[in-house]
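Asks: Quick one: structure below, then a few questions.
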Amino acid sequence: MTKEVRPRRRDRLTAGLAVWLIGVVLRALRVVSPHARSKRRREPVSTIGLDAGTRGWQIIEYEELAASAREYFGANGVVAISIVDRERYIRELLPYLRGGSITHFVYDPRTGSEQGGRGLRQCIALAGLLQWYGITPIGRITDVPVRRWRLQTSIVTAVNGVCVTLMQASAIRPFFPHHRVIGPLFMPISQATLRVLADTRSRHDAVAEATGALFTGSLYEPRTTYLLTTQKLLAARGIELRLTTRVLGEPRDPNPRYWQRLVDAGVVLTTADQLSGPGIDALGVPHLLYRYTEALAAGSLLVAPEVPGVAAFFRPHIDFVPCGDAVDAAKQIEWVLGDREVRTRIAENGFRRIRELVDTDTFWRVIDAGLGVDGFIRPTNRFTTVGTS
């Protein structure tokens, strides 16, 4: 296991100064751009641009992001862009940006080049193009502790827009050069997928029949040690914790198989720890992994850490069962498996809660509130905005 090092003050100041200087240039670019001025005067109906690699669009998180966006903005209000060659990221993206229809663009630092220098140049170029064409950036960073991704997202959102994270905003703002940070915000999911999962779940009551628990996902430290310890403690009590895992970077299961696994599990355990390794800072803040959304959407009972800020969306002890270390996780799993009525009630609450969040467009409304004057404009459906911690 690689030893983690907390961000040094000098590194934070250097990154902050770099983003500030780039922001000065970007502001000037936005002021002189005829495209940006024209777009502001027209006050167009919002069209959101989303991008991912060709294989990325097959992954649930991107698939559901696009599907939920289409439900919110309408089919014509979403431009889904497939990046074939990440080393030619800007060249492939440029025709869509200068086309004139996109008003907001969701930036994910994982889509461009994985080479540090080239990835940095790409994000600077993208930041300039977004300001030139009057497009508001929405940075989406799944792993805030990864320095390169954090820096790139900060550059793209240096002038305006927001940065959406899975960690509590108040805890990680000191590591960002600006305070337009939203988090933790759950993984979006579409109404269409919820309907399919509800139909699948209605065929048998996996929660009521559960005799064990499931963890599914990738393995890394400290997650691996946590899971193996929990598994050993449960085995001593005659309870199985099934680990369906893969190493980071290995191929994922087809989406229908993954969803079916979560539906069939009845009880799902997840962790909330961050990655560790070179180029990753030890921020010490757990994050709202996608499993929170996925397990509740599948109708299973979720046993998971109480991530700071999670109660704004998923209520501990009501929508899911909170747990601490491995000893506590084993204890909570043993408890819910011993009480059918409790696990059925909490699982039903969790599904109703995620359905409520989806039906009220909470994911997109939280982002809209954070955008302020650069918020979304839709042809119909005026709504009140909600906030996040």
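Asks: Kindly indicate whether any position in the range 327-343 is modelled with pLDDT of 95 or more, under 18 Å from the mean Cα position of the chain (by Cα) and not in a helix (DSSP H, G or I).
Replies: Within the range 327-343, not a single residue is modelled with pLDDT of 95 or more, under 18 Å from the mean Cα position of the chain (by Cα) and not in a helix (DSSP H, G or I).
Asks: Name the pairs whose Cβ atoms lie under 9 Å apart, with the first residue in the range 14-37 and in contact (Cβ under 8 Å) with a residue 60 or more places away in the chain and of a type in the set (Val, Ile, Thr), the second open to solvent by 40 Å² or more (accessible area, probe 1.4 Å) and not in a helix (DSSP H, G or I), and 6 or more positions between them or separate chains?
Replies: Matching pairs, first to second residue: Val19/Pro177.
Asks: Please list, ordered by first then second residue, the pairs with beta carbon atoms under 7 Å, 6 or more apart or interchain, first in the range 259-284 and open to solvent by less than 10 Å² (accessible area, probe 1.4 Å), second of a type in the set (Lys, Arg) and assigned to a loop (DSSP other than H, G, I, E, B).
Replies: Pairs that qualify, where the first residue is open to solvent by less than 10 Å² (accessible area, probe 1.4 Å) and the partner is of a type in the set (Lys, Arg) and assigned to a loop (DSSP other than H, G, I, E, B), are Asp281/Arg6.
Asks: Moving on. When the range 103-112 is examined, which residues are found to be in contact with a Pro (Cβ under 9 Å, 6 or more places away or on another chain) and either in contact (Cβ under 8 Å) with a residue 60 or more places away in the chain or of a type in the set (D, E, K, R) (or both)?
Replies: Thr103, His104
Asks: Turning to a different aspect of this structure: Going residue by residue through the range 88-109, is there one that turns out to be at pLDDT 95 or above and over 25 Å from Ala69 (Cα atoms)?
Replies: There is at least one residue in the range 88-109 that is at pLDDT 95 or above and over 25 Å from Ala69 (Cα atoms).
Asks: Here's something else I'd like to know. So which residues in the range 113-150 are part of a loop (DSSP other than H, G, I, E, B), open to solvent by less than 10 Å² (accessible area, probe 1.4 Å) and free of Cβ contacts under 8 Å to residues at least 40 places away in the same chain?
Replies: Ser113 - this is the single residue of the range 113-150 that is part of a loop (DSSP other than H, G, I, E, B), open to solvent by less than 10 Å² (accessible area, probe 1.4 Å) and free of Cβ contacts under 8 Å to residues at least 40 places away in the same chain.
Asks: Oh, and also: Within the range 287-307, how many residues turn out to be of a type outside the set (Ser, Thr, Tyr), under 20 Å from Gln231 (Cβ atoms) and in contact (Cβ under 8 Å) with a residue 60 or more places away in the chain?
Replies: Looking only at that region, the number is 4.
Asks: I'm checking my understanding of the structure. Among residues of the range 226-256 that are free of Cβ contacts under 8 Å to residues at least 60 places away in the same chain and among the hydroxyl-bearing types (Ser, Thr, Tyr), which one is surrounded by the most Cβ atoms within 10 Å (Cβ to Cβ)?
Replies: Thr245
Asks: Return the total of residues in the range 328-367 being among the aliphatic types (A, V, I, L, M), touching a Ser or Thr at 6+ places or on another chain (Cβ under 8 Å) and either open to solvent by 20 Å² or more (accessible area, probe 1.4 Å) or within 29 Å of Gly161 (Cβ to Cβ) (or both).
Replies: 4
Asks: Name, by its number, the condition in (1) at pLDDT 95 or above; (2) open to solvent by 20 Å² or more (accessible area, probe 1.4 Å); (3) part of a loop (DSSP other than H, G, I, E, B) that does not hold for Gly299.
Replies: The one condition Gly299 does not meet is (2).
Asks: Which count do you get for residues in the range 97-107 that are part of a loop (DSSP other than H, G, I, E, B), in contact with a Ser or Thr (Cβ under 8 Å, 6 or more places away or on another chain) and not polar (S, T, N, Q)? Show your work before the answer.
Replies: Going residue by residue through the range 97-107, those that are part of a loop (DSSP other than H, G, I, E, B) are 98-103.
Restricting the remaining residues to those that are in contact with a Ser or Thr (Cβ under 8 Å, 6 or more places away or on another chain) gives 101-103.
Add one more test, that the residue is not polar (S, T, N, Q), and what stays is 102.
Of the residues in that region, 1 qualify.
Asks: Out of Ile141, Ile135, Ile155, Ile239, which single residue is among the hydrophobic types (A, V, I, L, M, F, W, C) and under 16 Å from the mean Cα position of the chain (by Cα)?
Replies: Answer to the selection: Ile141.
Asks: While we're on this one: Going through the range 242-267 one residue at a time, which ones are more than 17 Å from Thr193 (Cβ to Cβ) and under 21 Å from the mean Cα position of the chain (by Cα)?
Replies: Scanning the range 242-267 gives Thr245, Arg246, Val247, Leu248, Gly249, Glu250, Pro251.
Asks: Another question, then. So if I check each of Ala75, Ala80, Ala66, which one is open to solvent by less than 30 Å² (accessible area, probe 1.4 Å) and either touching a residue at least 40 places away in the same chain (Cβ under 8 Å) or under 21 Å from Val358 (Cα atoms) (or both)?
Replies: Exactly one residue qualifies, and that residue is Ala66.
Asks: Further question: Among the residues of the range 91-101, count how many are open to solvent by less than 40 Å² (accessible area, probe 1.4 Å) and under 19 Å from Gly53 (Cβ atoms).
Replies: Counting residues in the range 91-101 that are open to solvent by less than 40 Å² (accessible area, probe 1.4 Å) and under 19 Å from Gly53 (Cβ atoms) gives 2.
Asks: Testing Pro322 on (1) touching a residue at least 60 places away in the same chain (Cβ under 8 Å); (2) touching an Asp or Glu at 6+ places or on another chain (Cβ under 8 Å), one condition comes back false. Which one is that?
Replies: (1)
Asks: A further question follows. If you go through the range 324-362, how many residues are in contact with a Leu (Cβ under 8 Å, 6 or more places away or on another chain) and closer than 23 Å to Ala236 by Cβ?
Replies: 8
Asks: Still on this model: List every residue pair whose Cβ atoms lie under 8 Å apart, where the two residues are 6 or more positions apart in sequence or sit on different chains, the first residue falls within the range 325-344 and is without any contact (Cβ under 8 Å) to a residue 12 or more places away in the chain, and the second residue, located anywhere, is open to solvent by 50 Å² or more (accessible area, probe 1.4 Å).
Replies: Sorted first by the residue in the range 325-344, then by its partner, the pairs are Val342/Trp335.
The values are calculated or read from the model by the stated rules, or taken from the named source; none is laboratory data. Since the model is a prediction, treat every value here as computed from it, not as a measurement. Please note: Cβ atoms are built from the backbone with ideal geometry, for glycine as well, and neighbour counts cover all protein chains shown. Keep in mind that these areas ignore ligands, DNA and RNA; they rest on the heavy atoms of the full protein, side chains included. Shrake-Rupley method; radii C 1.70, N 1.55, O 1.52, S 1.80 Å.
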